[in-house]
1. Accessible area, 1.4 Å probe, largest first: how do Phe133, Phe145 sort?
2. For the chain, what is the accessible area per residue in Å² when the probe is 1.4 Å?
3. Work out how much length Val57 to Gln135 would gain on full extension: take 0.36 nm times their residue separation and subtract the Cα-Cα distance, in nm to one decimal.
4. When the helices in the chain are scored as -39500 (n - 2.57) per DSSP H run of 4 or longer and the sum is shared across all residues, what 222 nm value do you end up with, to the nearest 500 deg cm²/dmol?
5. Residue farthest toward the positive end of the dipole of the chain, with Cβ of Lys/Arg at +1 and Asp/Glu at -1: which of Leu349, Ile206, Gly84?
6. Please turn the phi angles of segment 391-402 into ³J(HN,Hα) values with the Karplus equation 6.51 cos²θ - 1.76 cosθ + 1.60 (θ = phi - 60°), one per residue in order, whole Hz, x for glycine and proline.
7. Scan around Thr77 for amide H atoms under 5 Å from its own, H built in the peptide plane at 1.01 Å from N, and keep only partners 5 or more places away or cross-chain.
8. Please list the radius of gyration and Dmax for segment 158-313, considering alpha-carbon atoms only, with Å as the unit.
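The values are calculated or read from the model by the stated rules, or taken from the named source; none is laboratory data. Owing to the predicted nature of the structure, the values given are computational and were not obtained by experimental measurement. Glycine gets a Cβ as well: all are built from the backbone with ideal geometry, and neighbour counts include every protein chain shown. In case anyone asks, the SASA skips ligands and DNA or RNA and just uses the protein heavy atoms, side chains included. Shrake-Rupley method; radii C 1.70, N 1.55, O 1.52, S 1.80 Å.
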Amino acid sequence: MTVSRDPSAGALAGLRVVDASTLFAGPMAAMHLGDLGAEVIKVEHPGRPDPSRTHGVAKDGVNLWWKTLGRNKRTVTADLGSDGGREVFLALAASADVVIENFRPGTLERWKLGYDELSAANPGLVLARVTGFGQTGPYAARPGFGTLAEAMSGFAAMTGEPDGPPTLPPFGLADGVASLATAFAIMVALSTRDTRGHGQVVDVAIIEPILAMLGPQITRWDQLRTVQPRTGNRSINNAPRNIYRTADGHWVAVSTSAQSIAERVLRLVGRPDLAEQPWFARGADRARHADELDEAVGGWIARHTRDEVVAAFAEAQAAVAPIYEASDIVADPQFRSLGTIHEITDPELGPMLMQGPLFRLSNHDGVIGFTGRPHGADTDDVLGELGFAPERIAALRAEGAI
């Protein structure tokens, strides 16, 4: 378990990011950058906070999802549709390296805050625009959420049991994938700025990154006119690949993507005869014999406890993993060794655990300096740093601009 510390020495220290996006894909991209040391300033409407502040479960009236999604972000309020809010946003953009937004296409332009206006004061600015369907095309103006991307990308169509309906994930999968693509695109644009001297616009459509993760479905359709069927927890590419119940009521997942692993699994469960069959030599052929292989593997696993199964697979150098819930993750020695789970002291709720940054760097570990802050908590401080006098801040607040 890692106790987080000051992120100001992170790999992206000195980078300023203005997060004007809401819900998940854009804010999560900003979170990734903040984890690596970027200074992130979260801009929200004075009367309409980011909906993620009320998404999911809460403790003592304090939202827990926001504590993670809002970490390492200072919070400022501004009504971008007002003259005063526009003044604030232009000042923020002029001081920033990156602005992330997810308004419907044309909204910033209507407020006279499009890239032409923002880059006039800051030619090196990278403007990342994250929307459901991108900035152009017949669907651009539609409301777009990750659920729609999971549906339109082909993910839902290939997920679920063979005789069941298409299945959506129980979490923001498309948004999470899009957040990684956005953070990557921002870093590419910043690298280009450093070599060519100018910023640019990043256009991320949430429907696209998840599509890229789903394998060759487009090429398969183009070349064979076939689609991947729903197979539940099985794979069309190899077997045995499934989840199996242990003697003590737990579940484990087995993967045999490599031929050598498949052979080890069948030897382990006492069925080397199956590994000697001609059809066993190719993953796709093994998948056509999944019933037979599942019976052999599942039958053996059902006679052993989870700990016995994991230990035996480890000794045989075969691939297995227990199906974990959160309590298992927190207790697991591998996650502990990696420092995956961070302990942070939150001003409202005290010590709390959350998953940390995505990876480690040998010279600059990602850190969590602080958890999600209250709505608008840093408005006065940030505007003061931008040169706004106390009297001007008071006037902007009086007119509802902040």
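1. Greatest to least solvent exposure: Phe145, Phe133.
2. On the way: 19660 Å² over 402 residues.
Each residue of the chain exposes 49 Å² on average to a 1.4 Å probe.
3. Values: separation 78, 0.36 × 78 = 28.08 nm, distance 3.28 nm.
This chain segment gains 24.8 nm when fully extended.
4. Details: 18 runs with 157 residues, N = 402.
Calculated at 222 nm, the ellipticity per residue is -11000 deg cm²/dmol.
5. So the residue furthest toward the plus end is Ile206.
6. 3J(HN,Hα) across segment 391-402, in whole Hz: 5, 5, 4, 5, 5, 4, 5, 5, 8, x, 6, 10.
7. HN-HN under 5 Å from Thr77: Glu44, Thr379.
8. For segment 158-313, the Cα-based Rg and Dmax read 20.9, 65 Å.
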